[in-house]
Amino acid sequence: MCGIVGYIGPKDCSDVLVSALTKLEYRGYDSAGIAVFENDAIKTVKTQGKLKDLEDKLKSVGKPQGHVGIGHTRWATHGEPSDINSHPHSGARVTIVHNGIIENYIELKEFLISKGREFLSETDTEVVAQLLDYKYNGNPLETIDSVMAELKGSFALGIMFKDFPDRVFAVRRESPLIVGVAEGECFIASDVPAILKYTKNYYLLEHDEIATLTKDGVNFVDEHLDPIEKELKTADWDMEAAEKSGYPHFMIKEINEQPDAIRTTIMPRIKEGLPCLEECGITLEKIKNFKNITIVACGTAMHAGMVGKYVIEDLARVPVNVDIASEFRYRNPIINEGDLVIIISQSGETADSLAAMRLAKQKGAKTLAIVNAKGSSIAREADMLIYTLAGPEIAVASTKAYITQLSVMYLFAFELALAKETLSEPECKRLVSALIKMPEAVSFVIKNCEEKCKYIATKLITSESLLYIGRGLDYALSMEGSLKLKEVSYIHSESYAAGELKHGTISLIDNEMPVISVATQTDIIPKTISNIVEVKSRGAKIILVCTDVCARGLKDGVADYVIEIPHTDELLMPITAVVPLQMLAYYTAINKGNDPDKPRNLAKSVTVE
Ligand code: AGP
């Protein structure tokens, strides 16, 4: 998704903007640009490509010299990636950067064309720039306010008016935007890592609020242009957390951070050996009457929901439906008053998940958000909220956020099962104590399986397609393994419930096809093994991820490669079993020469539909 930055202060503005944009690269982008006031004129430099291309261009055309400016990384939505479609975009007296989608841009563009305006780009953003210019009455706040009233869709905007060379304006609806403050300087950014080098103090801009930044500080007004006071927030993680700390990529750094991420997420929510979610607004009394649960999310977060379904149904005996947010929101889902809808999201800004949550609320459901990004839209609007305390996740491929989403799903399932009296306190204590041991088990897997995963990955790079198979929880986990591999290695893969193979998919098997099988659930291992034998006898190369207990009982030659993980409580096995799947994906990407942190065509935070 696009990234926005802005700066006003004593430093070299071009340098600050480019440096801040590097911290937003994780969002995915295909072009970049900056605009800076230089001697009261706005100088814009932009290009298709990466920030390195922008830096080269800045060197060749001359870096704008000044102290007030805005910058942008673009992830193309309207119009192909090109220099001309890159941001910033301008009207005669205004220059802007934009994240989001203006849904009514075609009618606004037609209107502006009818008024004699001409457009250079294919973007929806240029329409906003031209509309601001068209409506400009000498008063920036009034102008912004009246343009906002005409815009439909989502936007975060950084705006500069030619007549006000000492100011940057910012406004948002749906798309995230923060305003950072330090002594004598102010910033805007799509996300906190962009400003951490300069300050930890920031304000969260709310919907339709307008910020005016000067070197002396920031003022906020609401949509009626009435001044408002806002709470200053302080980031509780630092640059170090947002940097690679010696790892070659964020993805492998974040895989290694998983033991700590689980610990940080679960430990404050455990009291006297039992789950305690009171600080998240969840008590036994509050949840005991939920009869139906729907989990809504996208991508990896949805896969965490799949594991959640198995665990909640198993322990609390409450039916759980898992839905993809983009499907849920458009199909009149059956949600009744008194149902619980759980929304899982790392970013807390995923457009479909946010819309799905709002729909669930409209239908009278109670909503519980499981979110990583503090203060994000989903976090703020949910009735109940459990933060996954994974810290900033920078790699596009989610790893530590997923594992903390699982951890929270377990805690919630334990709590619900206690509330429903389907789990006794001693049994719950046993499960909680097994959960507490999981960080150690994950560390063990990282340490002991990495070399093997590295090696097996060298065998996968020539494959055109892979299958992941498993049953029950292992099937839920296979979905995540398959997505991880696809997104970073660009190798096609599918996950299948092992028992489904015979109903069609087995026809794909030949000796070119690797099959990754996950088998951690003792009672169904024999069934999965017989599926493995079926595909092996048709030529497939088998990579088996299984417990040490299962590995000991394996007959010779059943699998080509076996990745053993320690046997823990079986309900909790996805927490450890996902780690080799993540590492297989990571090392396959590396072996193919791909950048696993910024896979092609992908964005970290999908804030548009
Ligand atoms: C995960 O590796 C993906 N990048 C993606 O599927 C992601 O999980 C999905 O877009 C949902 O994002 P969210 O958790 O921020 O809502």
Test of understanding: among I394, I344, which residue is within 30 Å of S443 (Cα to Cα), in contact with a strand residue (DSSP E or B) (Cβ under 6 Å, 6 or more places away or on another chain) and within 12 Å of the ligand (Cβ to nearest atom)?
I344
Quick one: would you say S482 is at pLDDT below 95, assigned by TED's automatic domain parsing to the domain that holds A519 and not basic (K, R)?
no
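Restricting to region 316-334, name every residue that is in contact (Cβ under 8 Å) with a residue 40 or more places away in the chain and either within 16 Å of the ligand (Cβ to nearest atom) or crowded, with 23+ Cβ neighbours inside 10 Å (or both).
Quick first cut of region 316-334, residues in contact (Cβ under 8 Å) with a residue 40 or more places away in the chain only: 316-318, 326.
If the condition is that a residue be in contact (Cβ under 8 Å) with a residue 40 or more places away in the chain and either within 16 Å of the ligand (Cβ to nearest atom) or crowded, with 23+ Cβ neighbours inside 10 Å (or both), then A316, S326 are the ones that fit.
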For region 160-218, which strands (runs of 3 or more DSSP E) that fit wholly inside it have 3 or more residues that are farther than 17 Å from L21 by Cα and not aromatic (F, W, Y)?
168-173, 210-214
If you scan region 505-522, which residues turn out to be hydrophobic (A, V, I, L, M, F, W, C) and in a strand (DSSP E or B)?
V515, I516, V518, A519
So which of L354, L359 is under 30 Å from P259 (Cα atoms) and crowded, with 19+ Cβ neighbours inside 10 Å?
L354
Given the criteria out of contact with any Pro (no Cβ under 6 Å at 6 or more places or on another chain), part of a strand (DSSP E or B) and farther than 25 Å from T22 by Cα, does V562 qualify?
yes
Residue check for L368: surrounded by fewer than 24 Cβ atoms within 10 Å (Cβ to Cβ) and more than 11 Å from the ligand (Cβ to nearest atom)
no
Determine, yes or no, whether I266 is at pLDDT below 95 and among the β-branched types (V, I, T).
yes
Contacts under 6 angstrom Cβ, first residue in region 22-49 being basic (K, R), partner not in a loop (DSSP other than H, G, I, E, B), 6 or more apart:
K23/P193; K23/A194; R27/G3; K43/V36; K46/G33
Residues of region 295-315 satisfying the condition of being of a type in the set (V, I, T) and within 16 Å of the ligand (Cβ to nearest atom):
I295, V296, T300, V307
(1) assigned to a helix (DSSP H, G or I); (2) of a type in the set (G, A, S); (3) within 25 Å of V396 (Cβ to Cβ) all hold for S146 apart from (3)
Can you name every one of the helices (runs of 4 or more DSSP H) wholly within region 232-351 that holds 2 or more residues which are within 30 Å of P596 (Cβ to Cβ) and among the β-branched types (V, I, T)?
250-256, 258-266, 299-316
All but one of (1) closer than 25 Å to T576 by Cβ; (2) in contact with a helix residue (DSSP H, G or I) (Cβ under 9 Å, 6 or more places away or on another chain) hold for A351; state the number of the condition that does not hold.
(1)
Report, by residue number, each residue of region 221-255 that is of a type in the set (D, E) and within 20 Å of D191 (Cα to Cα).
E231, D236, D238, E240, E243, E254
Under 6 Å between Cβ atoms, which residue pairs at least 6 apart in sequence (or on different chains) link something in region 567-590 that is free of Cβ contacts under 8 Å to residues at least 12 places away in the same chain and within 13 Å of A397 (Cα to Cα) with a partner that is among the aliphatic types (A, V, I, L, M) and assigned to a helix (DSSP H, G or I)?
none
Given (1) under 23 Å from the mean Cα position of the chain (by Cα); (2) part of a helix (DSSP H, G or I); (3) of a type in the set (A, V, I, L, M), identify the lone condition not met by L416.
(1)
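The values are calculated or read from the model by the stated rules, or taken from the named source; none is laboratory data. For clarity, every value in this text was computed on a predicted model and none was experimentally measured. Every residue, glycine among them, receives a Cβ derived from its backbone with ideal geometry; neighbour counts consider all protein chains shown.
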